[in-house]
Amino acid sequence: MTAIATRALSRRFGAFTAVDRVTFEVEQGEIFGFLGANGAGKSTTIRMLIGLLAPSEGSATVAGHDVARDPDRVKGAIGYMSQRFSLYLDLPVVENLLFFGAAYGLEGRALRARAGELLERVGLAGQEEATTGALPGGLRQRLALACALLHRPGIVFLDEPTAGVDPVARRSFWALIRELAAGGTTVFVTTHYLDEAEHCRRIGLMVDGRLVALDTPAGLKATWVPERLLVARGRGLAAAGARLRGAPGIRAVAPFGAGLHLRVDRAGPSAAAIGGALRQAGAGEVEVEEAAPSLEDVFLAVVDRSAAGAAP
Amino acid sequence: MIASRLGRSLVRIGAMAAKETLHVRRDPRTLALALAMPVAMLFLFGYGVSTDVDHAPLAVSDLDASDASRALVRAIAGSGEFDVVARRAPGELEPLFRQGSAVAALVVRHGFGDELRRGRQAEVQLVVDGADALVANQVLAKLDAIVRAESRRLAGPGPDRAGPPIEVRLWTRYNPDGKSAYYMVPGISAFLLAITAVMLTALAIAGEWERGSMEQLFASPVGRLEIVLGKLLPYLVLGLLELELVLAVGAVAFDVPVLGSGLLVFALGFLFLLGMLGQGLLISVLARNQLVATQAGALSAMLPAIILSGMIVPVENMPPPLRLLSRLIPSRYLVHGLRGLLLKGNGLAVLWPDLLAEALFALVVIGLATARFERRIA
């Protein structure tokens, strides 16, 4: 079953095209990651999908409702957690839940029961009366998720839910998301953390308003990083790496953390040969090994080649 | 179907209102702003900024020096309202006013006693320091009352007169003692209600923008009008409480009567508040930022309420362009309506234009705010 389907969805602001003919489908129960740099059109797309912003052209259906014709039906069928999880910090935890529940039409005992159930599920049971503003970021984020789930939506949109949250909290938050999807809920999530995107069943990559890649994480890596990936660590790598650029068999050299990532042809130079070449080019003691490409490599390759205007 | 939709809508409005009430309850500063400030200001205006005048310094130019003129001056000095601080020729009065050592002067022309004796209309001249319009008004009113009473006595039962022995036209009806509280309480009510209502809503809604929760609300099935109504409701109740409080303090501390119907007071206050809350809403929809909303809210509520409402400067005394402008200011109708209700006991027959004007203003601003609200998104 299709939870979300867009066809040539576009949004212009004056002369600027924020989202440019984006077409994709998301299956029910899928965790769909939506990646892209700031300003690539992720949030604009989400705002159209949740009925906050009318498309300029194209169409989208969410939970079977057309977002342009029936935004109110869409709003009732989905959950949404906005970028800065906008809770009322001056109110107690439970009041935030009760308010958002009532906003979605829940009432009385059913609302209280559902709120209690979700508090339990996100690990906030016993903290009902705590002032929301006094909670650490990770717990606030869980509360915001609980607020988005009160009315049992079939689809939830999470716009950078883990921004500014510590790694431990991020990990446990993703456990919650996977649990949610396992229960049949569709999760549409944007994130800046590429390691998190590995949790997604499929990933769409936005560059300058266009959807330039859409596949499973493994599929993306195979398509966009077909070469071998070598990781070099050591000293003086930046200058030495630059000299290796364009050498036979070497496709790309990019700084990565304190080291270098090199993409080389399948039949290109070995790790040992690259190490020798780097030392010859002026690097100090270096260590080079083969590595599996990460989504970050994919992201860099996509952005690179989109800038050059070429397909993979 | 329609009933159940309305029901769901009411649930959502109720949820908004309940949440807003919680915000207010958890923020003692808001409550203090809403309830303590008005009372404090009422006392400040009622006592500290009292415009009541007693023992006002008075200069006298008695050119007539007759028995009658001396008796008149004695009557004025003996009233307790004025102290005769100087006796000068009319040409020497100017410096006294400049120094502020006299706020008024009584000039009795030569022939005053004769005119009275012959039963003609006698003339005294009152010169008043107009720099302080309020004091001038009071002084004129009091002097007029004393002079009139005294001249009637001095003239005695003489030949039939065409009119009163001395004609001074001054407005003292409904406030014969010249108590400023009578005059000020309705004005202050308007001023305070305007400020708190506009500021509180402006803050409450701008806060929702700043927090980012407005987008969250827009993404939920809660409609724009439901957000607006839910947000306004608690402040409407708070504002009405505030009005009752101000009137109660006015009645207890300053003996300001409430001669008219309590229901009409309520209606007048309700419609006025609706307009002010709408104004706050409009500001916050446009400003989207608490700081700007506070400033714009305070200014847009305070200035018209002080200057154009008739609270201090009577609408009748305004230059025509301002008088015209004041027709757009709801505080004008509240002040006018409340004065009529409290001091004269006016009923609906006299009051309806004020109620209508307030209702129109409320309708227009809430309509505008809701429409602007809608256009922000989409």
Some residue of the stretch A:74-88 being over 15 Å from B:ALA219 (Cβ atoms) and in the same structural domain as A:HIS192 (by TED's automatic domain parsing): yes
Test for B:LEU286: is it in a helix (DSSP H, G or I) and in contact (Cβ under 8 Å) with a residue 24 or more places away in the chain: yes
Any hit, the stretch A:63-82, residues being surrounded by fewer than 23 Cβ atoms within 10 Å (Cβ to Cβ) and of a type in the set (Val, Ile, Thr): no
Extreme residue, farthest from the other protein chains (Cβ to nearest Cβ), among residues of the stretch B:1-35 that are within 30 Å of B:PHE254 (Cα to Cα) and surrounded by fewer than 12 Cβ atoms within 10 Å (Cβ to Cβ): B:ALA32
Test result for A:SER86, in contact with a Lys or Arg (Cβ under 7 Å, 6 or more places away or on another chain) and closer than 20 Å to A:LEU211 by Cβ: no
Close pairs (6 angstrom Cβ cut-off, 6 or more residues apart or separate chains): more than 23 Å from B:ILE205 (Cα to Cα) in the stretch B:234-252, not in a helix (DSSP H, G or I) anywhere: B:GLY250/B:VAL256
Helices (runs of 4 or more DSSP H) completely within the stretch A:13-132 that count 2 or more residues being within 14 Å of chain B (Cβ to nearest Cβ) and within 26 Å of the chain's Cα centre (by Cα): A:42-49, A:71-77, A:93-103
Candidate set: the stretch A:185-197, residues that are surrounded by fewer than 19 Cβ atoms within 10 Å (Cβ to Cβ) and touching a strand residue (DSSP E or B) at 6+ places or on another chain (Cβ under 9 Å); chosen: the one farthest from A:ALA148 (Cα to Cα): A:LEU194
A:LEU230 being touching a His at 6+ places or on another chain (Cβ under 8 Å), more than 23 Å from A:ALA37 (Cβ to Cβ) and at pLDDT below 90: yes
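Table: residues versus (1) more than 21 Å from B:VAL139 (Cβ to Cβ); (2) out of contact with any strand residue (DSSP E or B) (no Cβ under 7 Å at 6 or more places or on another chain).
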| site | (1), (2) |
| --- | --- |
| B:SER66 | yes, yes |
| B:ALA75 | no, yes |
| B:SER79 | no, yes |
| B:PHE82 | no, no |
| B:GLU94 | no, yes |
| B:ASP114 | yes, yes |
| B:ARG118 | yes, yes |
Leading residue by the ranking (farthest from B:VAL365 (Cα to Cα)) among those in the stretch B:222-264 that are β-branched (Val, Ile, Thr) and within 14 Å of chain A (Cβ to nearest Cβ): B:VAL222
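The values are calculated or read from the model by the stated rules, or taken from the named source; none is laboratory data. Since the structure is predicted, the reported quantities are computational estimates derived from the model, not experimental observations. Heads up, the Cβs are rebuilt from the backbone with ideal geometry, glycines too, and the neighbour counts pull from every protein chain shown.
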